[in-house]
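First the structure, in the form of structure tokens, and then the observations on it.
The values are calculated or read from the model by the stated rules, or taken from the named source; none is laboratory data. Small disclaimer: the values here were computed from a predicted structure and weren't measured. Cβ: placed from backbone, ideal geometry, glycine included. Neighbour counts: every protein chain shown.
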Amino acid sequence: MKPARGDSSRLQDILEAIEAIERHPVKDRPAFDSDELLRFFVLKHIEILGEAIFKLSTELKDRHPQVPWNKVEKTRHILVHDYFDVNWDIVWRIMEQHLPSLKHEVQKVMKFEGFKSA
């Protein structure tokens, strides 16, 4: 049986998923749309960070209401369960507009909580 993963590990999972996406910069939207592997790579990492957020403790999320935990969880749920109808406009917007601020917020939470970043 695997040991339980705590909030520190889950927050690190979120950062690692965002950083994986950052390691594969996309020139522009047409390049994103034309690269099926990249689109699904980004989608998978958004799902991973959404799952990590879902499994964070309620107490941690309650201490940091400035982070849009619920919104990310709901987005992950939609992406996973409506996989035949993925809205790539939303995925693009998440990648371009929302992940940088989420990364910043998660880093602040880790510092506030006294968790070390890997």
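Here are a few things to note about the model shown:
- Residue in region 48-62 that is in contact with a Lys or Arg (Cβ under 7 Å, 6 or more places away or on another chain), small (Gly, Ala, Ser) and part of a helix (DSSP H, G or I) present: yes
- Taking the criterion of being in contact (Cβ under 8 Å) with a residue 24 or more places away in the chain and closer than 18 Å to Val26 by Cα, the residues of region 48-97 that qualify are Trp88, Val91, Trp92, Ile94, Met95.
- Criterion (surrounded by fewer than 13 Cβ atoms within 10 Å (Cβ to Cβ) and either basic (Lys, Arg) or closer than 15 Å to Asp13 by Cα (or both)) met by exactly one of Ser34, Ser57: Ser57
- Any chance Phe41 is hydrophobic (A, V, I, L, M, F, W, C), surrounded by fewer than 17 Cβ atoms within 10 Å (Cβ to Cβ), in a helix (DSSP H, G or I) and at pLDDT 95 or above: yes
- Ile18 being in contact with a Lys or Arg (Cβ under 7 Å, 6 or more places away or on another chain), surrounded by 13 or more Cβ atoms within 10 Å (Cβ to Cβ), among the β-branched types (Val, Ile, Thr) and within 26 Å of Lys116 (Cα to Cα): yes
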